[in-house]
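Inspection log for the structure reproduced underneath, given as structure tokens.
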Amino acid sequence: VQLQASGGGLVQPGGSLRLSCATSGSIFRAYVLGWYRQDPGKQRELVAAITSRGSTNYADSVKGRFTISRDNAKNTVYLQMNSLKPEDAAVYYCNAANAATGLYYWGQGTLVTVSS
């Protein structure tokens with residue numbers, strides 16, 4: 001299973017980035033897709049998730065600033081990050097999870113740096 005994440009980079013506080021995660025059609029249709037992030041020395045935390053039906057869930061710290069969405073034609077999930085703060089800096093990971101089977105997969109991380 002491949003989850004190809006991209007879009008990280010360096011941005012100033014208050015700026016925006018969009019992360020992308022492409023996967024196969026079978027995974028895209030059947031799994032909950034999400035973005036997690038991890039700082040060195042900290043636990044990986046859920047940032048946002050979206051179900052196959054489009055229901056979304058966000059961490060309180062990003063509500064109103066981040067938006068998760070999915071493009072069914074491209075089998076891609078996006079994380080639009082606006083009003084970025086230094087505390088948003090982390091390695092962001094794409095995740096696909098199927099609660100029914102217990103299977104889950106991780107993409108490679110993409111680094112987001114928020115600094116002036």
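Points to keep in mind about this one:
- Here Lys85 is the anchor, and the lysines within straight C-alpha reach of less than 21 Å, apart from those fewer than 8 places off in the same chain, are Lys42, Lys63.
- Here the chain is scanned for trypsin sites (Lys or Arg not before Pro) in DSSP loops (not H, G, I, E, B) that have at most 16 other Cβ atoms within 10 Å, and the longest stretch holding none of them is 75-116.
- If you model the chain as an ellipsoid using its alpha carbon gyration tensor, with each semi-axis the square root of five times an eigenvalue, the axes come out at 23, 14, 13 Å, biggest first.
- Here the label points at Asp71 and Ser116, each 7 Å from Cα along the C-beta direction, are separated by 3.4 nm in the simple model.
- Taking other residues whose beta carbon is less than 15 angstrom from the beta carbon of Thr76, and scoring Lys, Arg as +1 and Asp, Glu as -1, yields +3.
- Charge tally in the Cβ shell below 13 Å around Phe28, where Lys, Arg are +1 and Asp, Glu are -1, Phe28 excluded: +3
- By the helix-only formula, in which each DSSP H run with n ≥ 4 contributes -39500 (n - 2.57) and the sum is divided by residues, the chain has a 222 nm mean residue ellipticity of -1000 deg cm²/dmol.
- When Asp88, Asp71 are compared by accessible area at a 1.4 angstrom probe, the order from most to least is Asp71, Asp88.
- Cut-off 13 Å between beta-carbons: net charge of the residues surrounding Thr51, Lys and Arg +1, Asp and Glu -1: +3
- Å² of accessible area per residue within the chain, as computed with a 1.4 Å probe and no ligands counted: 53 Å²
- Solvent-accessible area, 1.4 Å probe, carbon plus sulfur percent, for the chain: 48 percent
The values are calculated or read from the model by the stated rules, or taken from the named source; none is laboratory data. Bear in mind the structure is a predicted one, so any value in this text is a computation, not a measurement. Because the Cβ atoms are built from the backbone with ideal geometry, glycine has one as well, and the counts that use them run over all protein chains shown. Areas reflect the complete protein model, heavy atoms only, side chains present, ligands, DNA and RNA absent. Shrake-Rupley method; radii C 1.70, N 1.55, O 1.52, S 1.80 Å.
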